[in-house]
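One structure is given here, and the rest of the page talks about it.
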Amino acid sequence: RTHQIRVHLAHLGFPIVGDDKYGDFELNRRVAKGEFGPRFGRMFLHAWTTQLKHPISGELLALTAPLPPDCSDFLQALKAKTHGKSTI
């Protein structure tokens, strides 16, 4: 369903960084400006791994995708910042 993960996470108080529809707009602005490390101006939503059955053979397919470099860089900057003197 369209936006379902985004809506549920926002409702639980965990909006996705960069979500321009259901997110924390002030936080998104600060993240896009680079206030917490590298500038990050898009939604931080990534499927690391998923499994599904092939529609014809029925074989179980396991797909994985590493984080894109911009996401990885952003997380590393947050880790460095939170393990240092300041927190978000």
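The values are calculated or read from the model by the stated rules, or taken from the named source; none is laboratory data. These numbers were taken from a predicted model, which means no experiment stands behind them. Backbone-built Cβ (ideal geometry, glycine too); neighbour counts: all protein chains shown. Side chains included, ligands, DNA and RNA excluded: accessible areas come from the protein's heavy atoms. Shrake-Rupley method; radii C 1.70, N 1.55, O 1.52, S 1.80 Å.
Just a few scattered comments:
- Among the GluC sites (Glu not before Pro) within the chain, those in coil by DSSP and having at most 14 neighbouring Cβ atoms inside 10 Å are E35, E59.
- Among the protein heavy atoms of the chain, carbon and sulfur supply 59% of the accessible surface, probe 1.4 Å, non-protein parts ignored.
- Chymotrypsin sites (Phe, Trp or Tyr not before Pro) within the range 26-88: DSSP coil, no more than 11 neighbouring Cβ in 10 Å: W48
- Cross-link partners of K79 among lysines, defined as those whose alpha carbon lies under 29 angstrom from its own and excluding same-chain residues fewer than eight positions apart: K21, K33.
- Taking trypsin sites (Lys or Arg not before Pro) as exposed when their DSSP state is a loop state and no more than 16 other Cβ atoms lie within 10 Å, the longest site-free interval of the chain runs over 43-84.
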